[in-house]
Amino acid sequence: MIEQAPQRERRDHDGWPLWEVFIRPRRGLAHVHAGSVHAPDAVMALRNARDVYTRRGEGVSIWVVPSRHIVASSPDEKDPFFDPAADKVYRHPTFYVLPKEVRQM
Amino acid sequence: MSETDAALLARFEATIAADERIEPRDWMPDAYRATLIRQIAQHAHSEIIGMQPEANWITRAPSLLRKAILLAKVQDEAGHGLYLYAAAETLGVDRAELFELLHTRKQKYSSIFNYPTLTWADVGAIGWLVDGAAITNQVPLCRCSYGPYARAMIRICKEESFHQRQGFDILYRLSHGTPAQHEMAQDAVNRWWWPTLMMFGPPDDQSPHTAQSMAWGIKRFTNDELRQKFIDMIVPQAEVLGLTLPDPQLRWNPERGHYDHGPIDWSEFYRVINGGGPCNEQRLRHRIEAYTEGAWVREAAAAYAAKHAGTAAA
Ligand SMILES: [Fe+2]
Ligand SMILES: [Fe+2]
């Protein structure tokens, strides 16, 4: 159920591995995946990511992670891995019917 | 087809039918994968080769501001190429493989970039017409069924509108300048008009892959539909520019609610795409030279990284 992302371990023929790029658009928001870059090392990966993905102030912070270090669940949406979330309707507030007298909760 | 394959195919088709996106690690038919790799790679190559005609004018831009703008525009095109190579790589090909296919002419790039940029007005005509056509093509691709391609297109489309406007701005200034400047702008538009219309590809009755691409949600409109959209958008803009388009048959058709246009010379399109354009040799040679001559930089960076491996953050 947990497996390596298989096609994301590539290097180009100069031996530059692939890095995944995550960008924080502004303070208060989480880093979001933006794409990937090739780079020989972490410093160059950050520079390449800046040049490729933030030419118009799209970010205030960048993370780069070697793609081979990403661990992914299986992509299948019907995967039993996500089953535990499916049958617990009582986790959602809409499960509870409030008496009319309660205007807001 | 085994039972599991049939189930996988049914799942794939249901995802497409629901207008949801296919993601890299989903099962997909081999032909869908191959079509996407070919299309995305060709698109990436076009962005990279497309830097050349405009870069030709960076050193000769008429002012420092125009030079800075053109540099930024060409840098964007490099970025577009990189987003697209990254999207292609999610399908299991290597960027280096795609470079190899470009350099050995096994994959193509858009035939528009095989025309020369003879004057400064050509930079304006490329921005207005060529980037304008690219936008018309690319906006529907933002809803393409393959997630990484659609996401790259969203990013690209955000950047393209600056490209078209800077081109329009160049032509507007020239058109409203001296008679010689006006003539230069008109000449550029005359030369770029027909090749730009060819960017949308052959007419629908000669485009055998369109139906399949539309069924897969890769394409949303046919070549002719996109071409018509583009013409309908451009004609009123040409009037504002004070320039004419070199087609005596171009006129509004109130019954169709579209502009009619004259016949396109498809023999020219096929000649240029098969290597017979004015700059095919030059473009590819320049690309290969740049790549080969840059090899020592890539090797040095890799050697540096290897030397510092273990001490660096990675
Ligand atoms: Fe572009
Ligand atoms: Fe562009």
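The values are calculated or read from the model by the stated rules, or taken from the named source; none is laboratory data. Here the structure is a predicted model, which is why all the values come from computation and not from measurement. Don't worry about glycine lacking a Cβ; one is built from the backbone with ideal geometry, like all the others, and counts go over all protein chains shown. Quick note on the areas: whole protein, heavy atoms, side chains included, nothing else; ligands and nucleic acids left out. Shrake-Rupley method; radii C 1.70, N 1.55, O 1.52, S 1.80 Å.
Table for the structure above
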read-out	value
Whole-percent carbon and sulfur share, accessible surface of chain B, 1.4 Å	58
Space enclosed by the convex hull of the alpha-carbon atoms of the protein assembly as shown, per residue, Å³	229
Simple Cβ-charge dipole of the range B:1-82, Lys/Arg +1 and Asp/Glu -1, about Cα centre, in debye nearest 20	700
Residue-level accessible surface for B:TYR172, protein heavy atoms, 1.4 Å, Å²	90
Rounded accessible area of B:HIS43 (nearest 10 Å², 1.4 Å probe)	30
Exposure rank, largest accessible area first [B:TRP216, A:TRP19; 1.4 Å]	B:TRP216, A:TRP19
Given B:LYS67/B:LYS158; B:LYS158/B:LYS219; B:LYS106/B:LYS158, the pairs whose alpha carbons are separated by over 27 Å	B:LYS106/B:LYS158
Convex hull volume per residue for the range B:1-53, taking Cα atoms only, in Å³	85
Candidates B:GLY92, B:GLY124, B:GLY81, ranked by Gaussian network fluctuation over chain B, Cα under 10 Å, top entry	B:GLY92
All Cα pairs of chain B, percent lying beyond 33 Å	31
Kirkwood estimate for the range B:79-162, i.e. one over the average of 1/r between Cα atoms, Å	14.3
Sequence-separation-based contact order of chain B, relative, with Cα cut under 8 Å and 6+ spacing, percent	18
Total charge dipole magnitude, chain B, about the Cα centre, Cβ charges on Lys, Arg, Asp, Glu only, Debye to nearest 20	740
